Amino acid sequence: MQPPIELSLDSPSGLIDIRIEPDTDDDRPASYSVTILYPNMASGISRSDIFVHTMLIDPSTLAFHFLDDEKGIHPKVLAIEADISTAIVNSQM
């Protein structure tokens, strides 16, 4: 079983914390659950926006993309999709 991936990315708002967990017990799972804590200032108080999405592999490119469900994907989360996909692919090597 593959361990979770911890990732931090810089943004203009601060540090984005990301936890990526495989959805199966396979060594190379085709889907991951991604929890993103995106920094946000509200009324002078730092609070994180929390996003939880599933990423699936695209067999033609071997890259991972967010599963776009009924709630949609926030644009600031879409902006870091490639970085998260790269982290997943690198962890599988």
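The values are calculated or read from the model by the stated rules, or taken from the named source; none is laboratory data. Keep in mind it's a predicted model, so treat the numbers as computed, not measured. Reconstructed Cβ throughout: ideal geometry from the backbone, glycine too, with neighbour counts over all protein chains shown.
Considering 49, 17, the condition of being within 20 Å of residue 75 (Cα to Cα), among the charged types (D, E, K, R) and out of contact with any Ser or Thr (no Cβ under 7 Å at 6 or more places or on another chain) is satisfied by 49 alone. Residues in region 4-21 that are surrounded by 12 or more Cβ atoms within 10 Å (Cβ to Cβ) and free of Cβ contacts under 8 Å to residues at least 24 places away in the same chain were compared, and the one that is nearest to the chain's Cα centre (by Cα) is 19.
Residues being loosely packed, with under 12 Cβ neighbours inside 10 Å and assigned to a strand (DSSP E or B) are represented in region 25-44 by at least one member.
Checking each residue in region 34-60 for being more than 15 Å from the chain's Cα centre (by Cα), closer than 21 Å to residue 8 by Cβ and among the charged types (D, E, K, R) picks out only 47. Number of residues in region 68-93 that are modelled with pLDDT of 90 or more and of a type outside the set (Ser, Thr, Tyr): the value is 16. Within region 75-93, the set of residues being part of a loop (DSSP other than H, G, I, E, B) and within 17 Å of residue 11 (Cα to Cα) comprises 79, 80. Screening residue 72 on (1) surrounded by fewer than 18 Cβ atoms within 10 Å (Cβ to Cβ); (2) assigned to a strand (DSSP E or B) shows it passes everything except condition (2). Starting from residues that are among the hydrophobic types (A, V, I, L, M, F, W, C) and under 19 Å from residue 82 (Cα atoms), keep the ones in region 45-60 and report whichever is surrounded by the most Cβ atoms within 10 Å (Cβ to Cβ). Looking at the filtered set, the residue picked out is 55. Residues in region 49-69 that are part of a strand (DSSP E or B) and either within 20 Å of residue 30 (Cα to Cα) or in contact with a helix residue (DSSP H, G or I) (Cβ under 7 Å, 6 or more places away or on another chain) (or both): 51, 52, 53, 54, 55, 56, 57, 58, 63, 64, 65, 66.
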